[in-house]
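Remarks on the structure that follows.
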Amino acid sequence: MILGDFKLPGFLGAKSEESGDGTEASLPYRRLWKTSVILTALVSLVPLIFMTVINIFQYQRALTAEMEHPTTLLLSNNKRSLEFFIAERLSALRLVVRTHTADQLCDQQNLERVFRNVNDSFSGFVDLGLITADGTQCSYVGPYRLQGKNYHDADWFHEVTARGEYVSDVFMGYRDVPHFAIAVRHEDAAGRLIVLRATVGADLLAQYAISLDLKPTSDAFIVNSRGILQTPSRSHGEFLKKATVPVPPYRSESQVTEQVDTDGRRYMLGYAYIDRSPFVLMVVKRPEDILGKWLTLRGDLLGFLAVSAVLILIVILWSSTAMVNQLKEADKKRAQILHNIEYTSKMASIGRLAAGVAHEINNPLAIINEKAGLLTDLVEMSGEFPRRGEVLEIVRSIEKSVERCSTITHRLLGFAKRMDLRTESIRLEELLKEVLGFLGKEANYRNITVEFHVQEGVPAIESDRGQLQQVFLNIINNAFAAVQDGGRVDLFVERAGDHEVAVKIQDNGHGISKENLKHIFEPFFTTKKEYGTGLGLSITYGIVEKLGGRIEVESEVGRGTTFTVRLPVPATKF
Amino acid sequence: MMDKLRVLLVDDEEELVFTLAERLKIRGVDAQAVTSGKAALEAIEQRSFDVILLDVKMPGLGGLDVMKRIKARDRKVQVILITGHGSAEDGAQGMQSGAFDYVMKPININDLLTKLQAAGQATREGR
């Protein structure tokens with residue numbers, strides 16, 4: 001599984017001075033990775049988030065509109081019904097005063113008969129009374145003793161005489177039953193002003209609110225223009241007290257608006273002013289009712305957004321990491337090749353220089369050799385003379401020095417001239433001895449024991465002598481650097497499988513940590529601080545690969561290190 | 001008794017070639033030294049040699065070219081090459097081109113003498 005195998009890439013790892021990760025070399029890759037992740041995430045996630053937000057708002061608007069419409073419709077229907085109810089009762093009173101004279105209505109018996117007829121046709125009337133122009137109730141039918149009561153100073157009396165009709169707020173009467181009063185004014189043929197007044201039970205009003213058919217969390221009620229509750233409310237105040245919702249300004253049509261309560265919660269407020277009355281029919285719907293479906297849908301949308309974002313981020317992280325890793329590997333390979341080229345070119349230049357110098361030295365060396373030889377010949381021919389032995393000794397010393405110089409120049413020439421790949425038959429034991437010739441002095445000075453362990457019957461290989469010298473010189477040089485004075489380096493030459501020979505260089509030096517072992521063949525990786533270039537083993541690795549071989553390393557801190565170079569052998573050699 | 005071995009030494013290093021000739025003369029060799037390929041070709045026009053000791057690297061006419069010309073004139077005469085390089089490759093290459101053997105600078109006089117005698121014998125047997 002991809003995620004199961006996911007590891008933090010090297011270039012994102014913690015800082016370590018020796019690991020090569022988290023160092024300055026990793027910074028460009030880390031930056032590239034960050035840029036890639038951020039840009040890809042922005043390009044992928046921003047449109048997704050944008051679309052989700054737009055969807056959320058569009059759905060919200062659509063759902064709100066869907067909720068508002070039936071509420072408005074229901075309010076309008078109830079407004080019409082309630083207006084009809086009030087208009088019907090006003091019309092009944094108006095019919096009574098127009099079809100009867102003031103005297104007829106002042107007659108108690110007549111009024112009782114009229115009250116019965118009216119109540120038979122229009123339910124809800126509690127009482128009925130006729131008030132003359134001076135405010136005196138000349139007749140009254142109802143549960144109270146109100147005949148003779150004077151209303152001349154009552155506000156409603158002034159209002160009805162001025163406007164022609166009157167509908168009161170709901171109030172608790174003497175019987176402690178809520179009701180409201182309606183009254184009409186009339187002038188008979190003789191110009192006498194009379195007012196017919198009746199009261200109606202408020203329970204009929206409440207039925208108009210109840211018929212709005214609401215959910216338990218919603219509320220419907222009637223208030224007057226000052227916001228006093230005219231019917232009971234579930235949750236917006238006590239009956240005949242101020243409601244906890246504001247009364248919106250007058251609108252002739254039913255309206256639905258969005259409001260925010262004192263707790264900052266949104267709710268939907270629908271209202272309808274009832275014409276020819278102080279009543280306002282109101283309905284309050286809570287967000288749970290309005291947005292119940294919407295909240296579910298919004299949860300689904302946000303869930304989809306979250307899952308999509310997580311999946312996109314995983315894919316982005318995985319692909320960016322893979323891309324930067326590949327890039328890093330490609331850069332590493334390119335750097336390795338460039339270093340190989342640079343190193344080979346450098347070595348070729350040094351080789352040419354060394355060859356020139358060695359050749360130029362070799363000729364005068366040959367002359368010294370011949371002159372010393374001739375001197376020896378002449379001395380030996382001359383017979384005895386004083387200090388003859390001493391002279392011969394000196395000449396032999398010169399010849400020995402020439403021989404030493406000659407060995408050096410031959411090695412220099414031999415080493416320098418093999419920079420290009422030239423295949424030849426090589427016996428690895430001999431080649432290792434040639435390489436040790438360069439390091440023999442150091443081994444002697446530092447008392448390092450070097451031992452050969454050559455398996456019998458190891459075939460010669462076909463390879464490039466100069467390049468192999470370079471490989472083993474680097475590895476043995478490192479082994480010498482790793483051991484203490486008096487240390488030990490063992491060289492094994494043995495068969496390895498059917499088509500390979502292996503050269504093992506084993507030292508008992510300080511060893512290499514596991515962390516460093518991972519990076520040991522990387523260019524510029526060194527544990528020798530300022531003394532190493534970090535190129536030796538990387539070049540060595542490159543050369544061994546070029547020669548078709550493999551190089552492996554095992555190490556244990558405090559016990560030593562073993563490098564194994566496996567080189568191919570032509571099938572015919574076995 | 002066999003005649004003295006006649007050897008022509010050719011090397012652009014004057015000090016080397018004349019000293020070497022003198023040492024060979026001490027050891028009973030009829031050695032003549034010249035310092036260029038051209039002088040070598042002139043010398044073999046004047047007299048016959050059993051062995052030519054020839055430096056590979058010389059200015060002007062190089063050792064291998066001189067050997068080819070000598071061989072063209074007298075294919076029996078054996079040539080020993082002197083190489084200053086660190087490996088036997090140049091000598092081996094020279095031997096493939098017709099040289100009898102090679103020696104490396106600085107020269108070990110005893111080795112040289114052995115090789116000269118072998119080459120001289122080969123020349124005389126071929127004639």
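Any idea which of A:131, A:49, A:54, A:86 is of a type in the set (A, V, I, L, M, F, W, C) and in a strand (DSSP E or B)?
Numbers: A:49 fails: in a strand (DSSP E or B); A:54 fails: in a strand (DSSP E or B); A:86 fails: in a strand (DSSP E or B).
Just one listed residue meets the conditions, A:131.
Would a scan of region A:104-122 turn up a residue that is in contact with a Pro (Cβ under 7 Å, 6 or more places away or on another chain) and among the acidic types (Asp, Glu)?
If we filter region A:104-122 for residues that are in contact with a Pro (Cβ under 7 Å, 6 or more places away or on another chain), which is where we start, we get none.
Within region A:104-122 (the criterion being in contact with a Pro (Cβ under 7 Å, 6 or more places away or on another chain) and among the acidic types (Asp, Glu)), the answer is no, since none of the residues qualifies.
Please work out which one of (1) touching a residue at least 40 places away in the same chain (Cβ under 8 Å); (2) under 17 Å from residue B:119 (Cα atoms); (3) more than 14 Å from every other protein chain (Cβ to nearest Cβ) is the condition residue B:29 fails and give its number.
Exception for residue B:29: condition (3).
In region B:14-31, what residues are in contact with a Lys or Arg (Cβ under 9 Å, 6 or more places away or on another chain) and surrounded by fewer than 21 Cβ atoms within 10 Å (Cβ to Cβ)?
Within region B:14-31, the subset in contact with a Lys or Arg (Cβ under 9 Å, 6 or more places away or on another chain) is B:15-16, B:19, B:28-31.
Within region B:14-31, B:15, B:28, B:30 meet the criteria.
Output yes when any residue across region A:45-68 is touching a residue at least 12 places away in the same chain (Cβ under 8 Å), touching a Leu at 6+ places or on another chain (Cβ under 9 Å) and under 30 Å from residue A:203 (Cα atoms), and no when none is.
So the first thing to find is which residues in region A:45-68 are touching a residue at least 12 places away in the same chain (Cβ under 8 Å), and the list is A:45, A:48-49, A:52, A:55-56, A:59-60, A:63-64, A:67-68.
Checking the rest, the ones that are also touching a Leu at 6+ places or on another chain (Cβ under 9 Å) come to A:45, A:48-49, A:52, A:55-56, A:59-60, A:63-64, A:67.
Now narrow it down to the ones that are under 30 Å from residue A:203 (Cα atoms): A:67.
Scanning region A:45-68, I find at least one residue that is touching a residue at least 12 places away in the same chain (Cβ under 8 Å), touching a Leu at 6+ places or on another chain (Cβ under 9 Å) and under 30 Å from residue A:203 (Cα atoms), so the answer is yes.
Conditions: (1) under 20 Å from residue A:204 (Cα atoms); (2) in a helix (DSSP H, G or I). Residue A:123 meets all but one. Number of the miss?
(2)
Does residue B:22 count as of a type in the set (Asp, Glu), in a helix (DSSP H, G or I) and within 14 Å of chain A (Cβ to nearest Cβ)?
Numbers: of a type in the set (Asp, Glu): yes; in a helix (DSSP H, G or I): yes; within 14 Å of chain A (Cβ to nearest Cβ): yes.
Yes.
Where the second residue is surrounded by 14 or more Cβ atoms within 10 Å (Cβ to Cβ) and outside any helix (DSSP H, G or I) and the first is at the interface with another protein chain (Cβ under 8 Å from one of its Cβ atoms) and modelled with pLDDT of 80 or more and lies in region A:351-364, which pairs have Cβ atoms under 8 Å and are six or more apart or on separate chains?
Pairs that qualify, where the first residue is at the interface with another protein chain (Cβ under 8 Å from one of its Cβ atoms) and modelled with pLDDT of 80 or more and the partner is surrounded by 14 or more Cβ atoms within 10 Å (Cβ to Cβ) and outside any helix (DSSP H, G or I), are A:362/B:84; A:362/B:105; A:362/B:106; A:363/B:13; A:363/B:84; A:363/B:105.
Pairs, please: C-beta under 9 Å, at least 6 apart or cross-chain, first residue more than 7 Å from every other protein chain (Cβ to nearest Cβ) and in region A:395-411, second part of a helix (DSSP H, G or I) and among the basic types (Lys, Arg)?
If the second residue must be part of a helix (DSSP H, G or I) and among the basic types (Lys, Arg), the pairs left are A:398/A:371.
What number goes with the only condition from (1) modelled with pLDDT of 90 or more; (2) within 14 Å of chain A (Cβ to nearest Cβ) that residue B:40 does not pass?
With (1) modelled with pLDDT of 90 or more; (2) within 14 Å of chain A (Cβ to nearest Cβ) applied to residue B:40, the lone miss is (2).
Tell me which residues, restricted to region B:39-64, are exposed (fewer than 15 other Cβ atoms within 10 Å of the Cβ) and charged (D, E, K, R).
If the condition is that a residue be exposed (fewer than 15 other Cβ atoms within 10 Å of the Cβ) and charged (D, E, K, R), then B:42, B:45, B:47 are the ones that fit.
Among (1) free of Cβ contacts under 8 Å to residues at least 40 places away in the same chain; (2) within 11 Å of chain A (Cβ to nearest Cβ); (3) farther than 19 Å from residue A:368 by Cβ, there is one condition residue B:106 misses while meeting the rest; what is its number?
So the condition that residue B:106 fails would be (3).
Step by step: first the residues of region B:1-13, then only those that are in a loop (DSSP other than H, G, I, E, B) and more than 11 Å from every other protein chain (Cβ to nearest Cβ), then the one that is surrounded by the most Cβ atoms within 10 Å (Cβ to Cβ). Which residue is that?
Here is the first cut: in region B:1-13, the residues in a loop (DSSP other than H, G, I, E, B) are B:1-5, B:11-13.
From what's left, more than 11 Å from every other protein chain (Cβ to nearest Cβ): B:1-5.
Working: B:1: 3, B:2: 8, B:3: 9, B:4: 13, B:5: 22.
Taking the candidates together, the pick is B:5.
Say whether the condition of being part of a helix (DSSP H, G or I) and either buried (at least 16 other Cβ atoms within 10 Å of the Cβ) or modelled with pLDDT of 80 or more (or both) is met by at least one residue in region A:484-501.
Just the residues of region A:484-501 that are part of a helix (DSSP H, G or I), to begin with: none.
No, every residue in region A:484-501 fails to be part of a helix (DSSP H, G or I) and either buried (at least 16 other Cβ atoms within 10 Å of the Cβ) or modelled with pLDDT of 80 or more (or both).
Run down B:64, B:116 and say which single residue is in contact (Cβ under 8 Å) with a residue 60 or more places away in the chain and either touching a Leu at 6+ places or on another chain (Cβ under 9 Å) or away from chain A (no Cβ under 14 Å) (or both).
Values: B:64 fails: in contact (Cβ under 8 Å) with a residue 60 or more places away in the chain.
Result: B:116 is the single residue among B:64, B:116 that is in contact (Cβ under 8 Å) with a residue 60 or more places away in the chain and either touching a Leu at 6+ places or on another chain (Cβ under 9 Å) or away from chain A (no Cβ under 14 Å) (or both).
Please identify the pairs in which a residue from region A:154-165 that is crowded, with 17+ Cβ neighbours inside 10 Å has its Cβ atom under 6 Å from the Cβ atom of a residue that is of a type in the set (Ser, Thr, Tyr) and not in a strand (DSSP E or B), counting only partners at least 6 apart or on another chain.
Cβ pairs passing all conditions: A:157/A:151.
Every residue, every condition in (1) in contact with a helix residue (DSSP H, G or I) (Cβ under 6 Å, 6 or more places away or on another chain); (2) farther than 15 Å from residue A:274 by Cα; (3) of a type in the set (Asp, Glu); (4) surrounded by 14 or more Cβ atoms within 10 Å (Cβ to Cβ), yes or no:
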{"residue": "A:69", "(1), (2), (3), (4)": "no, yes, no, no"}
{"residue": "A:72", "(1), (2), (3), (4)": "no, no, no, yes"}
{"residue": "A:83", "(1), (2), (3), (4)": "no, no, yes, yes"}
{"residue": "A:87", "(1), (2), (3), (4)": "no, no, no, yes"}
{"residue": "A:98", "(1), (2), (3), (4)": "no, yes, no, no"}
{"residue": "A:113", "(1), (2), (3), (4)": "no, yes, no, no"}
{"residue": "A:119", "(1), (2), (3), (4)": "no, yes, no, yes"}
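Does residue A:374 satisfy the criteria of being in contact with a helix residue (DSSP H, G or I) (Cβ under 9 Å, 6 or more places away or on another chain), facing chain B (nearest Cβ under 7 Å), in a helix (DSSP H, G or I) and modelled with pLDDT of 90 or more? Break it down stepwise before answering.
Values: in contact with a helix residue (DSSP H, G or I) (Cβ under 9 Å, 6 or more places away or on another chain): yes; facing chain B (nearest Cβ under 7 Å): yes; in a helix (DSSP H, G or I): yes; modelled with pLDDT of 90 or more: yes.
For residue A:374, the condition - in contact with a helix residue (DSSP H, G or I) (Cβ under 9 Å, 6 or more places away or on another chain), facing chain B (nearest Cβ under 7 Å), in a helix (DSSP H, G or I) and modelled with pLDDT of 90 or more - is met.
What number of residues within region A:377-386 satisfy the criterion of being surrounded by fewer than 12 Cβ atoms within 10 Å (Cβ to Cβ) and either at pLDDT 90 or above or under 30 Å from residue A:441 (Cα atoms) (or both)?
Result for region A:377-386: 0.
Cβ contacts < 8 Å: first residue at positive phi, restricted to region A:511-526; second residue of a type in the set (A, V, I, L, M, F, W, C) and at pLDDT below 85, any location; separation 6+ or different chain. Result?
Matching pairs, first to second residue: A:524/A:25; A:524/A:535.
Looking at A:473, A:413, A:431, A:421, can you tell me which residue is part of a loop (DSSP other than H, G, I, E, B) and either under 27 Å from residue A:538 (Cβ atoms) or at pLDDT below 80 (or both)? Please lay out each step first, then the result.
Values: A:473 fails: part of a loop (DSSP other than H, G, I, E, B); A:413 fails: part of a loop (DSSP other than H, G, I, E, B); A:431 fails: part of a loop (DSSP other than H, G, I, E, B).
Just one listed residue meets the conditions, A:421.
Select from region A:1-53 the residues that are among the hydroxyl-bearing types (Ser, Thr, Tyr) and at pLDDT 60 or above and write down the one among them that is farthest from residue A:325 (Cα to Cα). Before the answer, list the steps.
Initially, region A:1-53 is screened for residues among the hydroxyl-bearing types (Ser, Thr, Tyr), giving A:16, A:19, A:23, A:26, A:29, A:35-36, A:40, A:44, A:52.
Remaining after also requiring at pLDDT 60 or above: A:26, A:29, A:35-36, A:40, A:44, A:52.
Working: A:26: 11, A:29: 8, A:35: 14, A:36: 13, A:40: 17, A:44: 22, A:52: 34 Å.
Step by step, filter region A:1-53, then rank; the result is A:52.
The values are calculated or read from the model by the stated rules, or taken from the named source; none is laboratory data. Note that the structure is predicted; figures quoted are calculated from it, not measured. We place every Cβ from the backbone using ideal geometry, glycine too, and count neighbours over all the protein chains shown.
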